[in-house]
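Notes for the one structure printed next.
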Ligand SMILES: [Zn+2]
Ligand SMILES: [Zn+2]
Ligand SMILES: [Zn+2]
């Protein structure tokens, strides 16, 4: 937090140094999928050695999830093609408005513009051979997208899971779920709400994300139920290696962590 001297902001534990939420997924069939493109994308891509982005999935259009999108120009140059960007209708509208110059035919071209193809999704879709299931969740009053790939689900910026989405979350190996802080918040799960939802979902392992400086990593993990912990920058998670097909990075430094 800018200009904060609390214990967590002064912590020397690297797991208390948090950039904006985003994950990078390498599927078992070789696709590289970025989920959200926040303002720290450039730093994250350099730190964790991202080399390829085949698709971007946007959970929603808030600044902390989209404002790094212009940085994907480098992947356009390396891959020599436009990058498909998936999201719900409201999110794709947000992206086309925020990055209006990308989609305005009057903008001079050259190397200065990202090449993006926006695609509205409501139902399961594929990136290469990987099926991706949109899981609608509520972020305050707005419905946004959670995602499921095989036995992995990512639900960031969540304050309520609607009835019809619980059935999309059965049989998970790994769940990543929003848990902002202890105190209630209008648009995010508090830690106790997140634990309750994680219990009901019953994934083998749950990692909490979008964590604020109210929660120190080590002290919070020490009092979480078995099978639940806070995620941290650089965490690498291998999902269902025997059963299913995805490796999720959050956003991962190759080989850095269990
Ligand atoms: Zn602080
Ligand atoms: Zn948000
Ligand atoms: Zn957010």
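Bear in mind that the values in this text are calculations on the coordinates, not laboratory data. Please read these numbers as outputs of a predicted model, since none were measured by experiment. Cβ atoms come from the backbone with ideal geometry, glycine included; neighbour counts cover every protein chain shown.
Roughly what % antiparallel, to the nearest 5, for the DSSP beta bridges in the chain? The answer is about 55 percent antiparallel.
Stretch residue 163-residue 52 to full length: gain in nm at 0.36 nm per residue minus the Cα-Cα span? Please report the intermediate quantities before stating the final value.
Values: separation 111, 0.36 × 111 = 39.96 nm, distance 3.60 nm.
Residue separation times 0.36 nm, minus the Cα-Cα distance, leaves 36.4 nm.
Quick one: Debye curve from the alpha-carbon atoms of region 79-166 only, equal weights, vacuum; give me log10 I(q)/I(0) at q = 0.15 Å⁻¹ to two decimals. Here log10 of I(q) over I(0) equals -0.68. Only Cα sites of the chain enter the Debye sum here, all with the same form factor; the resulting log10 I(q)/I(0) across q = 0.07, 0.14 1/Å is -0.22, -0.94, listed in q order. Seen against the Cα atoms of the chain and their longest principal axis, helix 89-98 is set at about 60 degrees. Computed from label points 7 Å out along Cα-Cβ, the spacing between residue 212 and residue 103 is 3.1 nm.
Tell me, what are the semi-axes, in whole angstrom and largest first, of the equivalent ellipsoid of region 57-203 as set by the roots of 5 times the Cα gyration tensor eigenvalues?
31, 17, 13
Just subtract the alpha-carbon distance of residue 93 and residue 42 from 0.36 nm times their residue separation and send over the number in nm, one decimal.
Numbers: separation 51, 0.36 × 51 = 18.36 nm, distance 2.34 nm.
Between residue 93 and residue 42, full extension yields 16.0 nm more.
How large is the helix-only mean residue ellipticity at 222 nm for the chain, computed as the sum of -39500 (n - 2.57) over DSSP H runs with n ≥ 4, divided by its residue count, in deg cm²/dmol to the nearest 500?
On the way: 8 runs with 54 residues, N = 258.
So the calculated ellipticity at 222 nm is -5000 deg cm²/dmol.
Among 1, 228, which comes first, second and so on when ranked by fewest other beta-carbon atoms within 10 Å? Don't skip to the end; give the middle numbers.
Working: 1 11, 228 20.
With the sparsest Cβ surroundings first, the list reads 1, 228.
Between region 157-189 and region 85-112, the C-alpha centres lie 29 angstrom from each other.
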